[in-house]
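*Asks:* Okay, here's the structure, questions in a sec.
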Amino acid sequence: MTTFETNPFAEDEDGSVKGKASGQPNYGGGAFYTTNPGSVSPATSAKLTPLPHEPHDRGATVDIPLDMPKEIKAREKELQAREAELKRREQELKRKEDAIARAGIVIEEKNWPPFFPLIHHDIASEIPIHLQTIQYFAFATWLGLILCLTFNVAAVTVAWLKGEGLSIWFLAIIYFISGVPGSYTMWYRPLYRATRTDSALKFGWFFLCYSFHILFCVLAAVAPPIIFKGKSLTGILPAIEVLTYNPVVGILYLVGFGFFAIESLLSIWVIQQVYMYFRGSGKAAQMKREAARGAMMTAL
């Protein structure tokens, strides 16, 4: 029968630990034990090495700026100031736009020709639909005049090279330089604004200037020598004269005569159509009343 001591960890007189009974190993209780207690020295069993602690910096601090609310308030004030400035500029711009609208001034952006914008032109968007056809034909007469004057320069240049003299070439250049921008300023732009705003005064100005345009086209188609020097215009009379000794130049002058003749006929049709609308819409009576009112104010 195996006997156990009452205290298995009691020390003998020589300091050894009693850990086993007769012929049986003695396993220590608790959290730490060994299968061979005799191989563990007393000093090791008496004092265990603790595990290393995880690093923890107790002195570390988080920098929290105490003046953050002040910065936020300053930024809010700055944003409010910018917003107030934007509102002020918006109100100022709106006031200017309203003043321009009341004054009847229209800001026109140049959009024609598309490859090199020189003028503002948008019939489809700005002209009333019942006047768009007339406006398109009037635009065609302006482009037709440009074509006539351009071809006139080319034909007169050939005539000059064939010995007709340099003066007629200079006159052809003058017709082109003065005719293209002059026609746009004097009658096409007034008609464009008249059809857009339905202004009787602008219609009256168009009739006056367009009448001179028609007269010029008719005279250019005939080109009498008593008005135009030499052969500076490709009319029918110079064409007949040149055909007798220079057929090439004569044919060019005949083509130029055809261009001026077509331009004259189309221009006559356009002024008739505009005048019919002008009379039918009551603008003629309105123009008379405005003229009478203007004369009365001048007399007073």
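The values are calculated or read from the model by the stated rules, or taken from the named source; none is laboratory data. On a predicted model such as this, the values are computed, not experimentally measured, just so you know. Virtual Cβ from ideal backbone geometry, glycine too; neighbours counted across all protein chains shown. Remember, those area values only see protein heavy atoms, side chains included, never the ligands or the DNA or RNA. Shrake-Rupley method; radii C 1.70, N 1.55, O 1.52, S 1.80 Å.
*Asks:* Which residue, of ILE168, ILE173, ILE134, is free of Cβ contacts under 8 Å to residues at least 40 places away in the same chain, in contact with a helix residue (DSSP H, G or I) (Cβ under 7 Å, 6 or more places away or on another chain) and either part of a helix (DSSP H, G or I) or more than 29 Å from GLN272 (Cα to Cα) (or both)?
*Replies:* After ruling out the rest, the residue left standing is ILE173.
*Asks:* Give me a count of the residues in segment 236-258 that are open to solvent by 10 Å² or more (accessible area, probe 1.4 Å) and closer than 12 Å to ASN152 by Cα.
*Replies:* The number of residues fulfilling the criteria is 5.
*Asks:* Does segment 226-235 include one or more residues that are of a type in the set (Gly, Ala, Ser), touching a Gly at 6+ places or on another chain (Cβ under 8 Å) and open to solvent by 30 Å² or more (accessible area, probe 1.4 Å)?
*Replies:* Yes, because at least one residue in segment 226-235 is of a type in the set (Gly, Ala, Ser), touching a Gly at 6+ places or on another chain (Cβ under 8 Å) and open to solvent by 30 Å² or more (accessible area, probe 1.4 Å).
*Asks:* Let me ask another. Among the residues in segment 111-129, are any at pLDDT 70 or above, open to solvent by 60 Å² or more (accessible area, probe 1.4 Å), hydroxyl-bearing (Ser, Thr, Tyr) and closer than 30 Å to PHE176 by Cβ?
*Replies:* Checked segment 111-129: no residue is at pLDDT 70 or above, open to solvent by 60 Å² or more (accessible area, probe 1.4 Å), hydroxyl-bearing (Ser, Thr, Tyr) and closer than 30 Å to PHE176 by Cβ.
*Asks:* Could you say whether any residue in segment 211-224 is surrounded by 15 or more Cβ atoms within 10 Å (Cβ to Cβ) and over 18 Å from LEU265 (Cα atoms)?
*Replies:* Checked against the condition, which is being surrounded by 15 or more Cβ atoms within 10 Å (Cβ to Cβ) and over 18 Å from LEU265 (Cα atoms), segment 211-224 yields no hits at all.
*Asks:* Then there is this: Between THR195, THR185, which is in contact (Cβ under 8 Å) with a residue 12 or more places away in the chain, more than 23 Å from LEU254 (Cα to Cα) and among the β-branched types (Val, Ile, Thr)?
*Replies:* Going through THR195, THR185 in turn, just one is in contact (Cβ under 8 Å) with a residue 12 or more places away in the chain, more than 23 Å from LEU254 (Cα to Cα) and among the β-branched types (Val, Ile, Thr): THR195.
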